[in-house]
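K.L.:
Before I ask anything, let me first share the structure, which is written out below as structure tokens.
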Amino acid sequence: MADSYTTHVLDANGSDPQHLAVKSALLRLAGLLQSPDSFSSTYDEEVSMTDTKRLVMLRRPKRTTIVVARAEDKNDDWTQADWAGQVTLLGPFTRAEYLAPYLETHDDKLRLSASDLNTTFDPVSADDSAAVYWHMTALYVLKDHRRRGLGDQLCRKAFEVIHEYTKNVGSELRIVIKPGNGIVARMYERLGFETKEGRSTLAEAIVASEGAAALPPDYAQKEAFCKRSGLIMVKRSGANEK
């Protein structure tokens, strides 16, 4: 019998948030060991984090953590089960908040112009004050659980969260993919994402996902952080869309 999996939003203020925070952190550490190039931080940076700090991280505002857990029995407690992967959903944002990483990062020579921004991230609707924007990051599935559609499951749960919050307005969900990752890009295309013409720098992607504090002080002098190569993909949803 094939394994079955269920997706869950972590309740950072529920009955046992400390357990969820620690288990989520351990899952991320396993991902950092298996696929270090898929993350903006390193295993060494995160392994020494205290449990209190992990709970603070889980409770950061405008962040939703979604996990996929193996369900050996329908009566199993998913919080105690084997977690196979997770994804982080950030938002809801206004358009100004959504564009901030591209306005605040780099010096004037590297920063996108207002025209470039409007071309890459054209408003969702004519009345854009009513639209809501989101950013999704850190999607990964541990190696022992891959090739089972769990990446799709995590994304679809994120779509449900967005729909429940924004079912009466238009919305846009953004992801940034490292260059050359065609397999991941095709997965997102199947889920309704479209590739934008513009490209993102690593610095912009880090700020969008983790905030400016996650950037090294000398990032602007490092080509790896400033090269425009990251693939930007977005998925839009209209008001009342199901």
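Where a number appears in this text, it was derived from the coordinates with a stated rule and is not lab data. Please read all numbers here as calculations on a predicted model, not as lab measurements. Here the Cβ positions follow ideal geometry from the backbone for every residue, glycine too, while neighbour counts run over all protein chains shown.
K.L.:
Just to verify a number: FRET efficiency for residue 146 and residue 96, C-beta to C-beta distance, R0 = 30 Å, to 0.05?
P.N.:
Computed FRET efficiency for residue 146 and residue 96 comes out at 0.20.
K.L.:
Round to a whole angstrom and tell me the spacing of the C-alpha centers of the range 72-130 and the range 42-57.
P.N.:
23
K.L.:
Name the residue from 115, 183, 213 whose Cα lies farthest towards the positive end of the charge dipole of the chain, charges +1 on Cβ of Lys and Arg and -1 on Cβ of Asp and Glu.
P.N.:
Highest projection toward the positive end goes to 183.
K.L.:
Which entries of 23/143; 62/222; 167/235; 62/235; 143/167; 109/222 have Cα-Cα distances beyond 23 Å here?
P.N.:
Listed pairs above 23 Å: 62/222; 143/167.
K.L.:
Please find the FRET efficiency linking residue 194 to residue 15, where r is the Cβ-Cβ separation and R0 is fixed at 35 Å, and quote it to the nearest 0.05.
P.N.:
Efficiency, rounded to the nearest 0.05: 0.30.
K.L.:
Separate question: Putting +1 on Lys and Arg Cβ atoms and -1 on Asp and Glu Cβ atoms, find which of 5, 195, 15 reaches farthest to the positive end of the dipole of the chain.
P.N.:
Going by the Cα projections, it comes out as 195.
K.L.:
Could you tell me which of rounded, prolate or oblate describes the range 27-154, using a ≥ b ≥ c as the square roots of the eigenvalues of the alpha-carbon gyration tensor, with rounded for a/c under 1.5 and, failing that, prolate when a/b is larger than b/c and oblate otherwise?
P.N.:
Cα axes put the range 27-154 in the prolate bin.
K.L.:
Ranked by Cβ crowding within 10 angstrom, fewest neighbours first, how are 135, 106, 19 ordered?
P.N.:
Least to most surrounded, the residues fall as 19, 106, 135.
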